[in-house]
Amino acid sequence: EYFLSELILGGEIFKGIMEFTLPKIKQQDVQKVGKIVLGTVKEDVHNIGKDIFKVFAEASGFEVVDIGIDVPEEKFVEAVKEHNPDIVGMSCLITAGVSSMKKTVDSLKEAGVRDNIKIIIGGGRVDEGVKEFAGADAWADDAAKGVRLCKQLMGIEG
């Protein structure tokens, strides 16, 4: 069990550490492995998990385009068209986000870009059933697992 204030403080501490650490990680010669468009879906404003995943993914060689929180389906579609990613990552921590994930995948299909990308979903409310419901390719409930799955989706071991 956690108190909300502890989670917020933990997120702020992590953010401060990453502001110091991430530039040093990026200076290392990490082979680029792909591009991810990442956002928290519409009706959800949680960003801690998304931000942790982003740092782990960047440290592993992914270029990450973070499109923010409470992101409507159209913005995901626009970002895919603009950035041509290999993977789209959607985060949600609340139950309302599950239907937003499905709507986003449906919008990507309608826009004709779904077949060109892999989709991973993550957060406290996702599991195999949500993955199937939304039409995603993979799901993770922690950042490290999510990065490993993204590498697998790219055909990279590790």
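Of the residues Leu38, Leu7, the single one that is within 23 Å of Leu93 (Cα to Cα) and not in a helix (DSSP H, G or I) is Leu38.
Name the residue that is modelled with the lowest pLDDT, counting only residues in the range 132-151 that are open to solvent by less than 30 Å² (accessible area, probe 1.4 Å) and part of a helix (DSSP H, G or I). Let's see the steps before the verdict.
Going residue by residue through the range 132-151, those that are open to solvent by less than 30 Å² (accessible area, probe 1.4 Å) are 134-136, 138, 140, 143, 146-147, 150.
Pick out the ones that are also part of a helix (DSSP H, G or I) and you get 134, 143, 146-147, 150.
Values: Ala134: 97, Ala143: 93, Gly146: 96, Val147: 96, Cys150: 97.
So, considering only residues that are open to solvent by less than 30 Å² (accessible area, probe 1.4 Å) and part of a helix (DSSP H, G or I), the one modelled with the lowest pLDDT is Ala143.
Just one of (1) open to solvent by 20 Å² or more (accessible area, probe 1.4 Å); (2) modelled with pLDDT of 95 or more; (3) assigned to a loop (DSSP other than H, G, I, E, B) fails for His46. It is (2).
Restricting Gly124, Gly97 to those that are modelled with pLDDT under 95, more than 23 Å from Gly34 (Cβ to Cβ) and touching a helix residue (DSSP H, G or I) at 6+ places or on another chain (Cβ under 8 Å) reduces the list to Gly124.
If the requirement is being among the charged types (D, E, K, R), surrounded by fewer than 15 Cβ atoms within 10 Å (Cβ to Cβ) and either touching a Gly at 6+ places or on another chain (Cβ under 9 Å) or part of a loop (DSSP other than H, G, I, E, B) (or both), which of these qualifies: Lys24, Lys54, Lys32? Break it down into steps so the answer makes sense when it comes.
Details: Lys24 fails: either touching a Gly at 6+ places or on another chain (Cβ under 9 Å) or part of a loop (DSSP other than H, G, I, E, B) (or both); Lys54 fails: surrounded by fewer than 15 Cβ atoms within 10 Å (Cβ to Cβ).
Every option except Lys32 fails the conditions.
Within the range 82-97, the residues that satisfy the criterion of being within 18 Å of Lys42 (Cα to Cα) and surrounded by fewer than 16 Cβ atoms within 10 Å (Cβ to Cβ) are Thr95, Ala96. Within the range 57-76, the set of residues being surrounded by 20 or more Cβ atoms within 10 Å (Cβ to Cβ) and either part of a helix (DSSP H, G or I) or of a type in the set (Lys, Arg) (or both) comprises Ala57, Glu73, Phe76.
Name the single residue, out of those in the range 98-131 being hydrophobic (A, V, I, L, M, F, W, C) and assigned to a helix (DSSP H, G or I), that is surrounded by the fewest Cβ atoms within 10 Å (Cβ to Cβ).
Val130
Cβ-Cβ distances below 6 Å connect the following pairs, each with a first residue in the range 70-97 that is without any contact (Cβ under 8 Å) to a residue 60 or more places away in the chain and polar (S, T, N, Q), a second residue that is surrounded by 16 or more Cβ atoms within 10 Å (Cβ to Cβ) and assigned to a strand (DSSP E or B), and a separation of six or more residues or different chains: Ser91/Thr40; Ser91/Gly122. For the range 8-21, the criterion of a residue being open to solvent by 50 Å² or more (accessible area, probe 1.4 Å), closer than 23 Å to Phe76 by Cα and modelled with pLDDT under 90 is satisfied by no position.
The values are calculated or read from the model by the stated rules, or taken from the named source; none is laboratory data. Owing to the predicted nature of the structure, the values given are computational and were not obtained by experimental measurement. Reconstructed Cβ throughout: ideal geometry from the backbone, glycine too, with neighbour counts over all protein chains shown. In case anyone asks, the SASA skips ligands and DNA or RNA and just uses the protein heavy atoms, side chains included. Shrake-Rupley method; radii C 1.70, N 1.55, O 1.52, S 1.80 Å.
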